[in-house]
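Here the structure is laid out as structure tokens; the discussion comes afterwards.
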Amino acid sequence: EGIVVKLKNNHKGNIKKIIKTTIEHKTESLTEEFVLLPESFNLEYKRNFKPLTYDGDKTWIPSFTVYKTIAGFANAEGGKLVIGVEDEKNKPLKITGLEHDFEYISKIKPGKIELYSKDQDGMELRLVHEFEHYFLKQPLVRNLVKIKFFGTDPKKMICILDVKRSYEAVIMYDSKAIIAAKKGPNFFVRVNNQTIPYAPSDFIRYWVQHITQLYGRDQLPVP
């Protein structure tokens, strides 16, 4: 506050107040004070990113819900998935940070000599590797998502996955799923503030309508 600034229109003045931004702003424009808006058609929160692996008791710990949300956003209008925020029913939104995720990911053996680093670089690498699992048949899905981190303290840091709308139907697979129905193909669409599973026939009807609205009936892309 008090710093002299010059605007693009050449007006000069002193900063009087730093305005709070919302989580829906571009990550680069977020300030230390930002507002967590309620979940919506294009915004969802996850407390943790649970990597695709087994824990010591051989219990399946999936990241399925993270990539399910990505698929739902991509098949609708796009949106932001924020990891590191707790959205408990009837309670205020709370930043829980990524410390637990960093610790957990650093203990995973990725089949290589090096382990994942216990920081945002390690988490981003793990996120990217799991795209190869859930969207094995659609490698370009990775290009729809920008992964960015905000904050410096792992206890207060968040990970923002900015998902673009896809012009090709995004279909999920999970070959290691215990529940047969989750093995795929899985069709998800973001509806209101939820990610809804669609039966194949329902999804085909939805996708035809969706693409028609995007392109117009006379401008549909040629296969």
Discussion item. Being buried (at least 19 other Cβ atoms within 10 Å of the Cβ), farther than 21 Å from V208 by Cα and more than 16 Å from the chain's Cα centre (by Cα) narrows it down to one residue among Y173, Y116, Y134; which is it?
Written reply: Y116
Discussion item. It is to be established whether one or more residues within region 198-221 are in contact with an Asp or Glu (Cβ under 9 Å, 6 or more places away or on another chain), within 15 Å of R165 (Cα to Cα) and either surrounded by 13 or more Cβ atoms within 10 Å (Cβ to Cβ) or at pLDDT below 90 (or both).
Written reply: no
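Against the condition modelled with pLDDT of 75 or more and surrounded by fewer than 17 Cβ atoms within 10 Å (Cβ to Cβ), how does F73 come out, does it pass?
When the stated conditions are applied, F73 does not pass them.
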Practice prompt. Among the numbered conditions (1) out of contact with any strand residue (DSSP E or B) (no Cβ under 7 Å at 6 or more places or on another chain); (2) under 18 Å from I23 (Cα atoms); (3) in contact (Cβ under 8 Å) with a residue 60 or more places away in the chain, tell me where A169 comes up short.
Written response: (2)
Discussion item. Would you confirm, using the coordinates I've provided, whether I105 is over 19 Å from P62 (Cα atoms), touching a Phe, Trp or Tyr at 6+ places or on another chain (Cβ under 7 Å) and β-branched (V, I, T)?
Written reply: no
Practice prompt. For residues that are hydroxyl-bearing (S, T, Y), touching a helix residue (DSSP H, G or I) at 6+ places or on another chain (Cβ under 8 Å) and in a loop (DSSP other than H, G, I, E, B), tally how many sit in region 118-168.
Written response: 2
Worksheet entry | Filter result for T195 (within 21 Å of V85 (Cα to Cα) and out of contact with any strand residue (DSSP E or B) (no Cβ under 8 Å at 6 or more places or on another chain)) | no
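The values are calculated or read from the model by the stated rules, or taken from the named source; none is laboratory data. Everything numeric in this text was worked out from a predicted model, so none of it was measured. Neighbour counts are summed over all protein chains in view; Cβ atoms, including those assigned to glycine, are modelled from backbone coordinates with ideal geometry.
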